[in-house]
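Notes follow once the structure below has been shown.
The values are calculated or read from the model by the stated rules, or taken from the named source; none is laboratory data. Note that this is a predicted model, so its numbers are computed, not measured. Every residue, glycine as well, gets a Cβ built from its backbone with ideal geometry; the counts of neighbours run over all protein chains shown. Side chains are part of the model used for accessible areas, which takes the heavy atoms of the whole protein and leaves out ligands, DNA and RNA. Shrake-Rupley method; radii C 1.70, N 1.55, O 1.52, S 1.80 Å.
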Amino acid sequence: MSRRILEEGLGDSVQEPLLTTCVDSDTEGEVVFERTQAYTDEKNEQIKLSYEEAVEEAGFGCFHGLLLVVCGWANASDAVEILCVSFLLPTARCDLQLSSADMGLLTASIFLGMMIGGYVWGYLADRKGRRKVLVVSLTVNGVFGALASLAPRFGLFLLLRFISGLGVGGSIPVIFSYFSEFQPCARRGAMISALATFWMAGNILAAGLAWLVIPTTRFQLGSLDIQSWRLFVVLCSFPSLSSALIFSLAMPESPKFLMEAGQELEALKVFRKMFALNQRGSSRSFPISGLRTSGCEKAKEETVSLKSHRLMHAIKKGLDPIRQLFIKPLTTRSIVLFIIFYCISFGYYGLWMWFPELFKRTEDGGSPCANVSRPSSSNAPENDSCSVKTAVYMEGFVTAASNLPGNIFTILLMDIVGGKILLSCSLLVSGVSVFFIWMVKTKAQSLVMSCVFSAVSVTSWNALDVVSTELYPTQLRSSALGFFTGVGRVGAIMGNVVFGQLMDSNCAVPVLLVSVLLFSGGLAALRLPHTKRTELT
């Protein structure tokens, strides 16, 4: 029996967060701890463990490695589905006859879907379970992403990308909630950072596929003549569909969710499975037969009669998590995260989705914003407007690969420095790097500064993933992440629309705006509480 259980059996006190899922507080501030008495079943004198204690008993090992690979692949699939649009723009614009404004709408459409899907799926994940929502949202993402390759016209392509975005919006916030709820406290920051690095893997995969497939221009399949960008879109849907299949067949529900739902036996089964995989080769069995489930009975939510005012009740219940995010003690952190998610999404997605087009405009030398007169509409001669050099996709691949140093840096320092400091510093440096992207005068300088921005901004995202996961209790976690990613999608939509409208007339305006917003987000992050190695509530 572990030291933790022995301490409970002796009646010693353990450290638990003061902010719990059932206690309201009138003060805003950082996570505070109090000393509480150990809990035992009065009838059976059976020691029951809290969630954090059960996670510690289950150990750390093979199960968490497998979980990282499965959840990481799902995270990578979301990156592929989002970023594939940016790589197909230089060639698809000819087949679909797109102007720069149309391309802005196309890149914005998936973020509009993500904005709506993020909150809806997040709410459902907090009520119905993480795993079920992940299976459905990943399936929606993959199926409609693949169908978009068949769209003959821009309008239908736009609609299908929007529906695909609904699926992406669900899987991104839920996957982090799901993954974090299997992690022991001391390793949670590093493991969430490791999960976030799979976004880089998806980015590199999308860039590599684009480099390999798109420059071919066309493929012959019997009598069919297939444009290479359409084949690229189909290939980009496979990661999402394979992830949905893996989750449906092999992955358990979150034990934290099961405990909050009062499903003690199901949660015990998950912990035993974790223990068995982590202790392979050992004859020991999971030593605990009882869990301290939540006192906040979710069943009371169902006591309201749905026969009358069913629609209004559903809307009110659906919006209630948002209201709770802005009630003390969560008010300040929610406002700050609102600002950060908007700023980083406007800046990162607004600029990143246009990197291939910017690289195309630097083919003949000069800075991206200097070559604003390069034709981009369907009226331009085909040889001038539609041919894209392979170097464009090579540069996109190099920029994606430059995520690697930032990911390594994050994993090594997350549990040492803390998410708050990494988030603030990386956003400030990202803002400075974007300013220099505007100032550069050559193609080589533009590529170098783009790589710097890529390496630093990924640190911001990784730190934000860790911090936002740890700031909210279980019954609000997925809803909070869904809401804030929805806010981020608004920023991403506006960023892409602004770039699309101003790319040909005044490129400097959106680039400098990105720099200012990222710098502002870095300053706002200083107002967040520290979450380094705190327990999940």
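Of the peptides 76-83, 91-98, the order by per-residue mean of other Cβ atoms within 10 Å, starting with the highest, comes out as 76-83, 91-98.
Taking all protein chains together, K132, K443, K420 sort by accessible area into K132, K443, K420, largest first [probe 1.4 Å].
For the cross-link pairs K128/K328; K48/K269; K132/K273; K256/K420, the ones whose C-alpha atoms lie over 22 Å apart are K128/K328; K256/K420.
Let me check against my output: what whole-number percent is the relative contact order of region 456-537, with C-alpha pairs under 8 Å and at least 6 apart?
On the way: 22 pairs, mean separation 39.2, N = 82.
Rounded, it is 48 percent for region 456-537.
Could you tell me the distance between the Cα centroids of region 54-114 and region 193-215, to the nearest Å? Between the Cα centres of region 54-114 and region 193-215 lies a distance of 9 Å.
Here the Karplus relation 6.51 cos²θ - 1.76 cosθ + 1.60, evaluated at θ = phi - 60°, turns the backbone of region 204-212 into coupling constants of 5, 4, 4, 5, x, 4, 4, 4, 7 Hz, with x for every Gly and Pro.
Taken about its Cα centre, region 430-537 carries a charge dipole of about 120 debye when Lys and Arg each add +1 at the Cβ and Asp and Glu each add -1 at the Cβ. Counting only heavy atoms of the protein chains and using a 1.4 Å probe, L156 has close to 80 Å² of accessible surface. Binning the C-alpha pair distances of region 65-188 at 10 Å intervals from 0 yields a P(r) profile of 13, 42, 27, 13, 4, 0 %, listed from the shortest bin outward. Which of rounded, prolate or oblate describes region 159-209 when judged by the alpha-carbon gyration tensor and an a/c cut-off of 1.5? Oblate shape, in that a/c is at least 1.5 and b/c is the bigger or equal ratio. When M439, M414, M191 are compared by accessible surface with a 1.4 Å probe, the order from highest to lowest is M439, M191, M414.
Within the full protein context, the accessible area of I327 is estimated at about 70 Å² for a probe radius of 1.4 Å. The 1.4 Å probe gives accessible areas that order C425, C62, C84, largest first, as C425, C62, C84. Amide H to amide H, with H built 1.01 Å from N, L49 comes under 5 Å of G290, L291, R292, counting only residues 5 or more places away or on other chains. For a test of the definition: using alpha carbon positions, the gyration tensor, and the 1.5 limit on a/c, classify region 410-501 as rounded, prolate or oblate. Taking the square roots of the gyration eigenvalues as a ≥ b ≥ c, region 410-501 is oblate.
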